[in-house]
Amino acid sequence: MITTKKGKRMDQVRRSEEITQVLLLRLFRRGLLAAQLPRFLKDVLNIIEDSGTLPALALNQRLTRLGWGEGILDERTLELILYLYEGRSDAVPLDVFQTPLGGQEIRAS
């Protein structure tokens, strides 16, 4: 018998899998290769952790300086990355990241 707790856990796993598929599709459409994904995701998270509050434009500029294409990351893709990161790591919980209305900056508090 599946308990309510197990059912919720299964729903979370299924949702994470769906979000991962959407994230990968969005990144592949922007020209990333499967072999580049781990490094790209690590760079995105390192920039956010190091910078605290960072305008979305500045995040893309820093990624460009690291060798990634211009404008490779949009807000929706970033939200997906942060959602999945929160589920896999205790280092930075999702609630410290806030994307204000209008999407002008990403804030780590």
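Using the Karplus equation 6.51 cos²θ - 1.76 cosθ + 1.60 (θ = phi - 60°), what ³J(HN,Hα) coupling, rounded to whole Hz, does each residue of region 57-63 give in order, writing x for Gly and Pro?
The phi angles translate into 4, 5, 4, 5, 5, 5, 5 Hz.
For the pair GLN21 and LEU66, what calculated FRET efficiency results from E = 1/(1 + (r/R0)^6), where r is the Cβ-Cβ distance and R0 = 41 Å, to the nearest 0.05?
0.95
Across region 75-83, in residue order, what do the Karplus-derived ³J(HN,Hα) couplings come to in whole Hz, using 6.51 cos²θ - 1.76 cosθ + 1.60 with θ = phi - 60° and x for Gly and Pro?
4, 4, 5, 4, 4, 5, 4, 5, 4
Could you sort the peptides 70-81, 17-28 by per-residue average Cβ neighbour count (10 Å cutoff), highest mean leading?
70-81, 17-28
Can you list the residues of region 23-44 with backbone N under 19 Å from a point 7 Å past the Cα of ASP50, pointing along Cα to Cβ?
Answer for region 23-44: 37-44.
A short reminder: the numbers here are calculations on the coordinates, not readings from a lab. Computed from a predicted structure; not experimentally measured. FYI the Cβ positions are ideal-geometry reconstructions off the backbone, even for glycines, and counts take in every protein chain you see.
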